[in-house]
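For reference, the structure discussed in these notes is given below.
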Amino acid sequence: MRMLLVEDNDELAETILDRLRSEGHSVDREANGDEANDLLRFSSFDIVLLDINLPGRSGYEVLRSMRSRGDATPVIVLTARSEIDDRVVGLDAGADDYMVKPFDFRELSARCRVLARRRAGASSNVFSAGSFRFDRAAKQAHVEGRQLDLCAREVQLLEIMLDNLGRMLTKEEVADKLYTFNETPSLNAVEQLVTRLRRKLEGAPLVIKTARGLGYMAYVSDDD
C-alpha cells in the first residue's frame, strides 16, 4: 500500500517507517500539519496515519480539511490522548480508526489491513480464485498449492492489482501506488515489474492484461 505518515516525533516516525516498509509498503512522511494538508490536496494515498499534535495545523484540522473537500482516504489517528472525548472528536471529524500511543506495531499493521480490505470491498485477508490464493497478512501467494517466490515489490504490485480488479490503471497510477516521492522509478521499471509478476502467475486464473496506450487491468479468468 501507498501510505502517508504525518508524525512530528522523529524517533517514533522512523520506527513506524521501518516497520511498514519492511512489510513492503511505500510510505512517505510529513512532520508539519500545514505541509501535510498541502500534500494531500494534490497527492493520493491508500491510507493516512495522522498524529494530532502537530506544528502548523493540528491533525484534526488536516482531517476536517480532507473530508470537507471530499477526500475519502482512510485515516488512522495516532495520538497520546486517551480520553473518550478526544476519540469522539477524532471519529466525528472523519477518522476511520484511532490508536493511542504507545501502541503495538503488529496491531497497527493489522488495522491498516482492515482498512485496505474495507476499501477493496473484501471481508478477509485471504483472496481465493480457483487455484490461486493470496494471504495479505502473510504476504504469500499460492498457485495449485505451490508458494510463489515473490519479492516485496511484486507482492505490493499484486495487492494493487487485487484491490483494483476490473479497473484499468495507467502506468502512472501504478507507479504512484508503488513508489515514494524519494524514489525515481521509470515507467519502464513498472513494465518490467508487471512482466515479472505476470510470468510468476502463469497457470493462475488471475490475469494482468496490458492495454496498449491505456495501462493494466487485472481480472479473474473463467478458463481456469
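The values are calculated or read from the model by the stated rules, or taken from the named source; none is laboratory data. Model, not experiment: these values are computed from the prediction. Glycine gets a Cβ as well: all are built from the backbone with ideal geometry, and neighbour counts include every protein chain shown. Side chains included, ligands, DNA and RNA excluded: accessible areas come from the protein's heavy atoms. Shrake-Rupley method; radii C 1.70, N 1.55, O 1.52, S 1.80 Å.
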- Go through (1) hydrophobic (A, V, I, L, M, F, W, C); (2) farther than 20 Å from GLY24 by Cβ; (3) open to solvent by less than 70 Å² (accessible area, probe 1.4 Å) and name the single condition LEU91 misses. (3)
- Select from segment 203-215 the residues that are part of a loop (DSSP other than H, G, I, E, B) and in contact with a strand residue (DSSP E or B) (Cβ under 8 Å, 6 or more places away or on another chain) and write down the one among them that is surrounded by the most Cβ atoms within 10 Å (Cβ to Cβ). ALA204
- Residues located in segment 1-41, provided they are within 17 Å of the chain's Cα centre (by Cα), in a helix (DSSP H, G or I) and not small (Gly, Ala, Ser): ILE16, LEU17, ASP18, ARG19, LEU20, ARG21, LEU39, LEU40
- Query: Residue check: is ASP223 of a type in the set (Asp, Glu), open to solvent by 50 Å² or more (accessible area, probe 1.4 Å) and modelled with pLDDT under 90?
  - Reply: yes
- GLU159 fails exactly one of the following numbered conditions: (1) open to solvent by less than 60 Å² (accessible area, probe 1.4 Å); (2) free of Cβ contacts under 8 Å to residues at least 60 places away in the same chain; (3) within 24 Å of ARG29 (Cα to Cα). What is the number of that condition? (2)
- Task: Tell me which of these LEU201 doesn't satisfy, since it passes every other one: (1) free of Cβ contacts under 8 Å to residues at least 60 places away in the same chain; (2) touching a helix residue (DSSP H, G or I) at 6+ places or on another chain (Cβ under 9 Å).
- Result: (1)
- What are the residues in segment 42-56 that are over 14 Å from ARG2 (Cα atoms) and part of a loop (DSSP other than H, G, I, E, B), if any? ILE52, ASN53, LEU54, PRO55, GLY56
- Item | Complete set of residues in segment 57-88 that are crowded, with 16+ Cβ neighbours inside 10 Å, in a helix (DSSP H, G or I) and hydroxyl-bearing (Ser, Thr, Tyr) | TYR60, SER65
- Query: For residues in segment 102-136 being open to solvent by 50 Å² or more (accessible area, probe 1.4 Å), part of a loop (DSSP other than H, G, I, E, B) and not hydroxyl-bearing (Ser, Thr, Tyr), which is modelled with the highest pLDDT?
  - Reply: ASP104
- Note on the structure: Picked from segment 162-196 (must be polar (S, T, N, Q) and closer than 23 Å to GLU30 by Cα), the residue least open to solvent (accessible area, probe 1.4 Å) is THR180
- Item | Sole residue being polar (S, T, N, Q) and farther than 25 Å from LEU201 by Cβ, chosen from ASN164, ASN182 | ASN182
